[in-house]
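In what follows, a single structure is set out as structure tokens and then discussed.
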Amino acid sequence: MAGIRITGWGIGLPDRIVTNEELSQTLDTSDEWIRERSGIHQRHIGGTTSSLAVIAGRAAMDQAGVTGDDVDMVLLATTTPDKTVPGTAPTVQHALGITGGAVDLNAACSGFVYGLVFASGLIATGAKRVLLIGAETLSRIVDWEDRGTAILFGDGAGALLIEATDDEGDLLSWDLGSDGSLTDLLYCEHGDAIHMEGKEVFRRAVRVMVDSSTNAMSQANVTASDISLVIPHQANMRIIQAACQRLEIPEERAVVVMDRYANTSSASIPLAFVDAIENGRIHPGDLLLLTGFGAGMTWASAVLRWPR
Ligand code: UT7
């Protein structure tokens with residue numbers, strides 16, 4: 001069976017930056033509280049999910065040197081589609097001149113890692129190239145008067161171009177899960193805004209990230225000390241610190257971009273991934289642990305080996 005190889009990557013961000021200071025002018029909060037309790041300094045706000053996805057997707061295709069005719073499938077992880085129907089992936093497919101299929105995928109903040117595993121399945125069964133994108137415009141579903149959620153979320157997109165390879169490929173193992181008894185912890189009804197039990201989500205997030213990461217590592221037959229870099233969902237700095245501590249992975253090995261981008265749900269792992277690649281933090285042969293959790297609750301982890 002063919003393995004997957006990541007050959008292109010890109011991001012898309014709206015121009016407008018909203019600082020904590022700016023939020024504190026309309027909300028009973030402060031820059032200091034937000035930084036200390038979450039690790040967030042600012043967020044990008046604006047655009048549509050499809051427009052951000054197109055920017056990220058085009059960059060990934062350009063870098064891999066592929067055209068629309070080469071791509072068999074667009075997988076778009078998002079919780080904020082442009083419309084309820086149709087999905088947003090066909091809009092992205094059309095804008096990028098892609099001739100393959102297109103489908104949205106909603107596993108909340110775990111969506112990108114779910115999508116990575118689905119891409120691997122498509123490639124194992126004959127696809128040659130998949131464009132995997134995580135894109136969100138969470139600013140559209142945030143209650144800007146609720147300081148418990150408004151401070152946390154941002155807009156953005158990240159993409160990977162994934163190709164078939166004859167060798168084992170980059171994806172060594174994965175762990176995907178869901179517990180639908182916990183939908184009430186974090187949800188958004190049609191036409192409403194995000195509701196979140198922040199403390200309870202926090203508590204469970206650490207636990208599921210640790211358990212899911214441990215499962216993925218054991219399936220890849222590697223240990224925490226083998227992991228060169230953790231690319232976690234960017235929800236709260238303290239969640240990443242607690243998870244790293246329990247996994248016995250030094251915190252410095254975790255990629256953090258939430259200070260700049262806040263929590264962008266499906267886009268947060270690819271934004272962190274691309275940041276790590278572009279800042280030279282990933283070297284040939286490195287083992288990478290991707291791990292996320294989100295509404296559902298869902299969780300998803302994967303172990304990758306960056307090609308030699
Ligand atoms: O990808 C989606 C997954 N979502 C998450 O992972 C979110 C997980 N949860 C969190 O990140 C944290 O629970 C929050 C950042 C949302 C909240 O932090 P916390 O340390 O759990 O705060 P808290 O809710 O326990 O509130 C502590 C205090 C309260 O005041 P009192 O009762 O101690 O007087 C809150 O009213 O902080 C107050 N507070 C705030 N103060 C200033 C809550 N939000 C704010 C705020 N600014 N924005």
Quick check on my filter: what residues within region 1-36 are more than 18 Å from the chain's Cα centre (by Cα), closer than 22 Å to T137 by Cβ and assigned to a strand (DSSP E or B)? I17, V18, T19
For region 91-113, pairs from a residue that is over 13 Å from I269 (Cβ atoms) and assigned by TED's automatic domain parsing to the domain that holds L131 to a residue that is in a loop (DSSP other than H, G, I, E, B) and of a type in the set (A, V, I, L, M, F, W, C), with Cβ under 7 Å and 6 or more apart or across chains, are I98/V71; G100/V71
With respect to E251, determine if the residue is under 22 Å from L304 (Cα atoms) and either in contact with a Cys (Cβ under 7 Å, 6 or more places away or on another chain) or of a type in the set (D, E) (or both). yes
Across (1) surrounded by fewer than 24 Cβ atoms within 10 Å (Cβ to Cβ); (2) in contact with a helix residue (DSSP H, G or I) (Cβ under 9 Å, 6 or more places away or on another chain), G111 clears everything bar (1)
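Between N221, N215, N236, which is near the ligand (Cβ under 10 Å from one of its atoms), not assigned by TED's automatic domain parsing to the domain that holds L132 and not aliphatic (A, V, I, L, M)? Show your work before the answer.
Values: N221 fails: near the ligand (Cβ under 10 Å from one of its atoms); N215 fails: near the ligand (Cβ under 10 Å from one of its atoms).
N236 is the lone residue from the list that is near the ligand (Cβ under 10 Å from one of its atoms), not assigned by TED's automatic domain parsing to the domain that holds L132 and not aliphatic (A, V, I, L, M).
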So D31 passes all but one of these: (1) within 16 Å of the ligand (Cβ to nearest atom); (2) farther than 30 Å from G180 by Cβ; (3) surrounded by 22 or more Cβ atoms within 10 Å (Cβ to Cβ). Which condition number does it fail? (3)
Evaluate the following for I133: is it within 18 Å of the chain's Cα centre (by Cα), surrounded by 21 or more Cβ atoms within 10 Å (Cβ to Cβ), of a type in the set (A, V, I, L, M) and not in a loop (DSSP other than H, G, I, E, B)? yes
With the requirement that a residue be under 19 Å from R204 (Cβ atoms) and away from the ligand (no atom under 12 Å from the Cβ), what does region 242-253 give you? C244, Q245, R246, L247
Mind checking which residues of region 269-308 are under 16 Å from E136 (Cβ atoms) and assigned to a helix (DSSP H, G or I)? I269, P270, L271, A272, F273, V274
Please tell me if E136 is within 15 Å of R43 (Cβ to Cβ) and either touching a Gly at 6+ places or on another chain (Cβ under 8 Å) or of a type outside the set (D, E) (or both). yes
What residue, among those in region 63-82 that are more than 21 Å from G156 (Cα to Cα) and among the charged types (D, E, K, R), is surrounded by the fewest Cβ atoms within 10 Å (Cβ to Cβ)? D69
Residue count, region 196-210 (criterion: free of Cβ contacts under 8 Å to residues at least 12 places away in the same chain and either in a loop (DSSP other than H, G, I, E, B) or more than 9 Å from the ligand (Cβ to nearest atom) (or both)): 1
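For region 83-93, what are the residues that are among the polar types (S, T, N, Q) and surrounded by fewer than 22 Cβ atoms within 10 Å (Cβ to Cβ)? Before you say what the answer is, go through the steps one by one.
Initial filter on region 83-93 (among the polar types (S, T, N, Q)): 84, 88, 91, 93.
Scanning region 83-93 gives a single hit, T84.
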In region 154-209, how many are out of contact with any strand residue (DSSP E or B) (no Cβ under 8 Å at 6 or more places or on another chain) and of a type in the set (V, I, T)? 2
Might you let me know whether region 152-169 holds any residue that is of a type in the set (G, A, S), over 22 Å from G57 (Cβ atoms) and either at pLDDT 95 or above or away from the ligand (no atom under 16 Å from the Cβ) (or both)? no
Being in the same structural domain as G121 (by TED's automatic domain parsing), closer than 18 Å to I240 by Cβ and not in a loop (DSSP other than H, G, I, E, B), is that true of even one residue in region 157-171? yes
By residue number, the members of region 89-114 that are more than 25 Å from P232 (Cβ to Cβ) and not in a helix (DSSP H, G or I) are L96, G97, I98, T99, G100, G101, A102, V103
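The values are calculated or read from the model by the stated rules, or taken from the named source; none is laboratory data. Quantities reported herein were computed from a predicted structural model and do not represent experimental measurements. Here the Cβ is made from the backbone with ideal geometry for all residues, glycine too, and neighbour counts use every protein chain on show.
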